[in-house]
Amino acid sequence: MGKILISLFSLGGIAFVFGLILSILDKRLKVEEDRKVEEVLSLLPGINCGACGFKGCRDFAQAVVKENNIFGGCIPGGEEVNKKLAKVLGIKERSFSSKKVVVLCSAEEGEKYSSFEYRGPETCFLANISLANIDCRYGCLGFGDCVEVCPTQALKVEKGRVYVDYKKCIGCGKCVEVCPRGVLKLIDKEDKVYVGCNNREKGVSTKKVCSKGCIGCGLCTKLIRNSPFYLEEGLAKIDYSKLKSISSEEVVKVIEKCPVKAIKLLQEK
Amino acid sequence: MRDLFLIFLSAVLVNNFVLTYFLGICPFLGVSSSYEQAVGMGLAVTFVMSLASSICWIFYHLILVKFGLLILEYVVFILVIASLVQIVEMFIRKYSPSLYQSLGIYLPLITTNCAILGLVLFMVIRDYNFIQSVVFGFSSGLGFSLVLVMMAGIREELKFSDIPQILKGASITLITAGILALAFMGFSGLISS
């Protein structure tokens with residue numbers, strides 16, 4: 001009986017002492033955490049993509065609360081999240097449009113010609129500063145540097161071509177930064193048309209390196225009135241601000257007429 | 001004095017907790033991916049180990065042995081270690097939020113780190129006196145930090161080396177740990193007896 005009591009008291013005493021020390025220290029070392037930061041953080045997607053320019057969602061939330069400004073806004077969150085953010089902070093809303101990425105090179109392996117075999121390190125960055133594995137000086141190298149940085153695994157490389165899964169793409173633009181050739185581009189989420197080529201050379205030179213490349217014929221600029229398409233250094237480009245006034249039938253007409261089928265329509269998911 | 005030095009040398013190099021007894025492998029593999037994190041974790045573990053060994057010695061000899069309560073050995077040791085870790089966590093959270101964030105779950109996991117409970121039990125089995133256990137605790141922590149920092153240095157270099165696809169990630173880490181352990185076996189002749 002006595003032993004039970006002694007063990008009870010000694011263990012209880014030790015636990016009591018430690019509990020006392022801990023509770024005193026807890027009061028002394030209390031960390032003031034802003035509840036607003038937590039509130040902002042709960043609104044954010046929490047994928048730490050870094051598209052806002054901060055290290056992660058927590059960093060962004062702290063900066064937002066501290067400066068009372070949403071800076072460039074949360075890009076993957078889109079308009080909905082940014083509206084909520086503005087509401088929490090009590091500042092005026094700004095309009096945000098969310099983005100998505102398009103691949104400005106739609107040639108597969110074999111369609112991009114190469115005059116020699118590349119045996120270097122298999123990264124786009126290193127292939128680009130050496131002679132590269134394809135003859136085209138503007139096209140996608142297909143080693144998938146972009147696939148590795150994508151925070152949501154929206155990109156994949158198949159047959160030397162990059163595909164985007166638009167259900168997963170959040171438009172953070174990390175892949176755009178890492179692509180050494182500028183093959184990837186961010187466009188507004190609503191836009192559905194893009195030019196699937198990045199080759200700025202003249203038509204003859206383009207034909208020599210790729211069977212799918214834009215030859216700069218200019219047909220797309222002439223087919224319809226007030227065309228959103230224009231030529232720049234032998235490459236068709238799109239003025240997205242003009243595109244909104246063009247009916248979809250006319251755009252489809254241009255897409256069908258393009259001799260190399262370089263203009264692409266994104267399928268509605 | 002000589003035995004203190006021997007305890008020190010033995011705990012840091014010859015009978016290193018991580019590479020000879022294979023205790024505390026969890027933080028050894030989990031927190032060794034960057035140098036700064038490893039230093040932070042090493043300091044935290046060293047602090048907990050030195051305090052745990054001295055406080056546990058006091059409780060063991062002044063309370064448990066005196067009242068014949070050896071059945072409470074483990075409970076008391078775990079209680080002491082858990083409280084110390086809690087204190088360390090509070091301090092780190094207050095004074096270095098970035099370290100607190102980067103250590104993440106591994107900081108509270110020191111509580112159940114087998115290296116620390118192992119240290120206290122070794123201290124009891126080997127019947128160290130107070131000074132000896134303090135030295136033992138401190139040098140064990142030092143040995144742990146040493147190995148952790150070495151591993152972090154190697155792993156930082158590994159990021160830039162050409163590793164075969166099949167060995168990438170966890171497997172090369174385990175192989176590195178194994179080779180490090182082999183290297184540490186070279187110290188085994190340092191102390192005879």
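Calculated on the alpha-carbon coordinates, the convex hull of the range A:1-108 measures out at 207 cubic angstrom per residue.
Overall size of chain A from C-alpha positions, given as principal axis extents largest first: 100, 51, 30 Å. Estimated from the Cβ-Cβ distance and a Förster radius of 30 angstrom, the FRET efficiency linking B:ALA170 and A:VAL88 is about 0.15. Estimated from helices alone, the mean residue ellipticity of chain B at 222 nm is -21500 deg cm²/dmol (sum of -39500 (n - 2.57) over DSSP H runs with n ≥ 4, per residue).
Shape class for chain B: oblate, because the ratio a/c of the largest to smallest gyration tensor axis (alpha-carbon atoms, square roots of eigenvalues) is 1.5 or more and b/c is at least a/b.
If the cut-off is a Cα-Cα distance under 16 Å, which lysines reach A:LYS167, setting aside same-chain residues fewer than 8 apart in sequence? By straight Cα distance, A:LYS167 reaches A:LYS99, A:LYS100, A:LYS156, A:LYS189, A:LYS192, A:LYS269. Residue exposure proxy: B:ARG155, A:ARG35, ordered by other Cβ atoms within 10 angstrom of their Cβ from fewest to most, comes out as A:ARG35, B:ARG155.
What full-extension length gain, to one decimal in nm, is calculated for A:ASP59 and A:GLU177 as 0.36 nm per residue of separation minus the Cα-Cα distance?
Additional length available on full extension: 40.4 nm.
Full extension of the segment from A:ASN68 to A:SER211, taken as 0.36 nm per residue of separation minus the current Cα-Cα distance, would add 46.2 nm. Could you calculate the FRET efficiency of B:VAL149 with B:LEU62 from 1/(1 + (r/R0)^6), where r is the beta carbon distance between them and R0 is 35 Å, rounded to 0.05? Efficiency, rounded to the nearest 0.05: 0.45. With a ≥ b ≥ c taken as the square roots of the eigenvalues of the C-alpha gyration tensor of the range A:35-89, please select rounded if a/c is under 1.5 and otherwise prolate if a/b is larger than b/c or oblate if it is not? Rounded is the answer for the range A:35-89, as its axis ratio a/c remains below 1.5. Straight Cα distances below 19 angstrom link B:LYS159 to the lysines B:LYS168, with same-chain residues fewer than 8 positions distant left out.
In this Cβ point-charge picture (+1 for Lys and Arg, -1 for Asp and Glu), the range A:1-155 has a dipole of about 940 debye about its Cα centre. Note on B:LEU6 and B:PHE160: their simple-model spin labels are 4.4 nm apart, each label 7 Å out from Cα toward Cβ. Listed from fewest to most Cβ neighbours within 10 Å, the set B:LEU70, B:LEU19 follows the order B:LEU70, B:LEU19. Look at B:THR46, A:THR206 and count the other Cβ atoms within 10 Å of each Cβ; fewest to most, that gives B:THR46, A:THR206.
Cα gyration tensor of the range B:84-167, axes a ≥ b ≥ c as square roots of the eigenvalues: rounded (a/c below 1.5), prolate (a/b > b/c) or oblate? Oblate, because a/c is 1.5 or more while a/b does not exceed b/c. The modelled label-to-label distance for the pair A:ASP188/B:THR112, using points 7 Å beyond Cα in the direction of Cβ, is 5.3 nm. Averaging the sequence gap over all C-alpha pairs within less than 8 Å and six or more residues apart, then dividing by the number of residues, gives chain A a relative contact order of 15 percent.
With R₀ fixed at 51 Å, the C-beta to C-beta distance from A:LYS27 to A:SER245 puts the FRET efficiency at about 0.20. Across the range B:1-155, Cα pairs under 8 Å and at least six residues apart give a relative contact order of 48 percent. Size estimate for the protein assembly as shown follows the Kirkwood approach: the inverse of mean 1/r over distinct Cα pairs works out to 27.5 Å.
A crude spin-label estimate for the pair A:TYR166 and A:LYS253, with each label 7 Å from Cα along the Cβ direction, gives 2.3 nm. Computed per residue of chain A from DSSP H runs no shorter than four, each worth -39500 (n - 2.57), the mean residue ellipticity at 222 nm is -10500 deg cm²/dmol. Only lysines eight or more places from B:LYS94 in sequence, or on another chain, were considered; those with a Cα closer than 25 Å are A:LYS27, A:LYS30, A:LYS36, A:LYS55, A:LYS66. Here the extension length gained between A:GLU79 and A:ASN48 equals 9.4 nm, from 0.36 nm per residue of separation less the Cα-Cα distance.
Values quoted throughout were computed directly from the atomic coordinates according to the rules given, and no laboratory measurement underlies them. From a predicted model like this one, the values you see are computed outputs, not experimental measurements. Glycine also receives a Cβ, built like all others from the backbone with ideal geometry; neighbour counts cover every protein chain displayed.
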